[in-house]
Amino acid sequence: MSRAIAENRMRGNATSLSHGLTLSAEQAMPDYVNARMDQHYITRIEQLLGGEHPHAWQPTPRGTVFLAGNDYLCLGGEPALVGAQIAALRDSGGGMLMSAVYLQEGSAQHRLERRFAALMGAQDGILAQSGWAANVGLVQTLAAPGIPVYLDIQAHASLWEGVQSAGAAPVSFLHNDMQHLRKQLARHGRGLIAVDALYSTNGSVAPLRELVEIAEQHGCLLIVDESHSLGTHGPRGAGLVAAQGLSERVHFRTASLAKAFAGRAGFITCSNKFKGYFLSESRPAIFSSCLLGHELAWFDAAIDFVAAADDRRAALRANALELREELGALGYNVSEGSEQIIALEPGPEPKTLALRKLLETHGIYGAMFCAPATAKNRSLVRLTLNSGLDGSQLARIVQACEDIRPQVDLESWSSTRRLDRLALV
């Protein structure tokens, strides 16, 4: 163990023993826990990454172009939304601190759920504490031991966690590969299909119409996570399912409201009947408190704001198209996605960390994604665009990527090699 790691451990909280000796809390842990922590701090951080944490940014000076947040439509700080929250905090006295299972018909949360459902073209809906809680709770209430759940290999981790919570059987299929999905269905039989509408690491879009047809042909339930497309796509921001006229053919849609809606909650579209069942069976719903009054007020105001934000959706789309075209011309493989999430994928973590730091020296701050958020040796820097980026900021991003190109060994990247293989086909 290096001295730095050892000293870091000894700074932990202390646990006093009855005989007067004092051990750090970590020293009192079982060996199997310390072994896992050593794997993280010593093998990964110290040895693989030279003592640097993959998610620790360098100082952000004035003028930084920050591309690590999910506020796609720049709602944060909007006076109308902030004012609604302030009024709710002043007038509500903190809200009802209890599980949503106890909320009665006509409650503020139920009214807001129906507003979100109306936006998305659904009969009803359920607000959850987060997108994670929405997905875990939904899959847990639908699946069961022996029921196969077909997941795109890049589907969000919360969907996989829901399968585990249900004790069901996860069956993966290759990313957006409908032929592989059909083969898996032929092998394992009817069950659930779970996908993202817009994938969170590379901005690729699911073939929703084909997924609907496959689900109908095989008698499967279909779950579509719209976390990165609700608010940013579709009529009035209703999402990609609505944009393709599929709202009545997708059984359930989920979303994190921490993206385009810039708050902290999750949402599930459903029928009135399913809602009552869910609130009595979903463990995340039962064992968590409902949303607070000021959170409801934010979303109530945000629905109107987002629905009217066609100009911001258009700006976001234009920014994504322009930056993808410019980066592609420089030789970066951004061809695996099409939307506002852009992945620069070196592959190995040390190369990805080096890329992130080089971008930061040019004032461009993205987010490093690595295992378990990606497959091993598929780590990447994610550039998350927003509607507020102007032409000069886009030009800075392109110039930075051009300037660092000789230093990042682009030809050795896993994404570049995939692009080269496609060129040979």
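Read-outs throughout are calculated quantities, based only on the coordinates presented, and are distinct from any laboratory measurement. As the structure is a prediction and not an experimental result, all values here were calculated from the model. All Cβ positions, even for glycine, are placed from backbone atoms using ideal geometry, and neighbour counts span all protein chains on display.
Summary table below
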{"read-out": "Among ALA242, CYS270, ILE214 the positive-end extreme of the charge dipole of region 200-326 (Cβ point charges)", "value": "CYS270"}
{"read-out": "Cα-centred dipole magnitude for region 79-307, charges only on beta-carbon of K, R (+1) and D, E (-1), debye, nearest 20", "value": "160 debye"}
{"read-out": "Most fluctuating residue given options PHE278, PHE369, PHE287, as computed from a GNM of the chain linking Cα atoms under 10 Å", "value": "PHE287"}
{"read-out": "Percent antiparallel among DSSP beta bridges (both partners in the chain, rounded to 5)", "value": "50 percent"}
{"read-out": "For the chain, calculated [θ]222 nm from helices alone, where every DSSP H run of n ≥ 4 adds -39500 (n - 2.57)", "value": "-12500 deg cm²/dmol"}
{"read-out": "Charge-dipole axis of the chain as Lys and Arg at +1 and Asp and Glu at -1 on Cβ define it, positive-most pick from THR60, THR43, MET120", "value": "THR43"}
{"read-out": "GNM flexibility winner over the chain from GLY162, GLY328, GLY125 (Cα, springs under 10 Å)", "value": "GLY328"}
{"read-out": "Positive-end residue of VAL136, GLY388, PRO170, charge dipole of the chain with Cβ unit charges", "value": "PRO170"}
{"read-out": "Choice from GLY51, GLY191, GLY293 with maximal GNM fluctuation in the chain (Cα, 10 Å cutoff)", "value": "GLY51"}
{"read-out": "For region 319-363: Kirkwood Rh in Å [reciprocal of mean 1/r, alpha carbons]", "value": "11.4 Å"}
{"read-out": "All lysines inside 27 Å of LYS259 as judged from Cα atoms, apart from same-chain residues fewer than 8 positions distant", "value": "LYS275, LYS357, LYS376"}
{"read-out": "Dipole moment magnitude, nearest 20 debye, the chain about Cα centre, only Lys, Arg, Asp, Glu C-beta charged", "value": "540 debye"}
{"read-out": "Value of Rg/Rh across region 266-425 [Cα atoms, Kirkwood radius]", "value": "1.09"}
